[in-house]
């Protein structure tokens with residue numbers, strides 16, 4: 001039988017006696033608490049390209065779909081070669097959300113989607129009480145880049161470890177092994193909460209549904225490590241479908 005940790009969100013801790021609420025209610029609370037995200041794509045511009053973001057928008061190549069504006073060109077390399085980041089980042093409200101931790105007996109099912117055979121509640125903690133770590137989404141290597149960002153409504157499954165614990169490792173849970181990840185996005189002044197880890201393993205919340213907004217924001221920027229600041233935003237344009 002497969003046993004795994006699962007992570008859900010709520011706007012308040014369970015009251016005494018509610019820790020073992022039915023799993024359907026736990027999922028409903030989780031999906032109501034975490035239902036917005038932003039889709040971020042960052043692409044390296046083709047070597048030698050001298051155009052501008054305005055040109056790409058005017059030509060209908062940088063659109064609200066956030067597809068690679070150079071995908072139709074056979075001379076610039078594949079999108080995969082130039083793709084730096086392609087992520088959907090939930091909007092974690094660290095000031096208000098509670099993280100709940102469960103131990104699931106899943107049989108042969110998928111803990112992210114299937115109803116567990118048994119669920120044991122382990123812990124509830126406000127996100128703002130967790131230890132913090134920093135990470136970096138934007139590139140630090142010198143170059144010219146394009147980024148697109150689009151808001152979306154999402155329905156997320158329960159959180160599971162992207163990398164499972166080794167079979168040889170005895171199961172245990174320790175709140176002190178949880179970390180809240182923060183990143184400085186582009187030239188923002190404040191850090192954004194972008195995820196969580198447990199025992200240095202990323203907690204993944206699989207997307208079950210996604211409805212993108214009708215608009216997207218494109219930006220063109222350079223990274224120059226010897227400049228101050230090293231991040232140089234060249235232009236920003238919003239596009240609409």
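Annotations for the structure displayed:
- Here 182, 136 are placed in order of increasing Cβ neighbour count within 10 Å, fewest first, which gives 136, 182.
- Each listed q (0.10, 0.13 Å⁻¹) maps to a log10 I(q)/I(0) for the chain, found by the Debye formula over equal Cα scatterers with no solvent: -0.57, -0.87.
- The angle separating the long axis of helix 23-33 from the principal Cα axis of greatest extent in the chain is about 30 degrees.
- Each DSSP beta bridge with both residues in the chain is either parallel or antiparallel, and the antiparallel ones are about 95%.
- Ellipticity at 222 nm from helices only: DSSP H runs of n ≥ 4 in the chain, each -39500 (n - 2.57), divided by the residue count, give -2000 deg cm²/dmol.
- Anisotropy class of region 159-241 from Cα gyration tensor, a/c 1.5 cut: oblate
- The GNM of the chain, with springs linking C-alpha atoms under 10 angstrom apart, assigns the highest mean-square fluctuation among 93, 174, 123 to 174.
- Rotationally averaged projected area of region 20-139 (alpha carbon convex hull; nm²): 11.5 nm²
Rule-based calculations on the coordinates, nothing more; no lab input. Just so you know, these numbers come straight off a predicted model, no measurement behind them. A quick note on method: Cβ atoms are made from the backbone with ideal geometry, for glycine too, and the neighbour counts reach across all protein chains shown.
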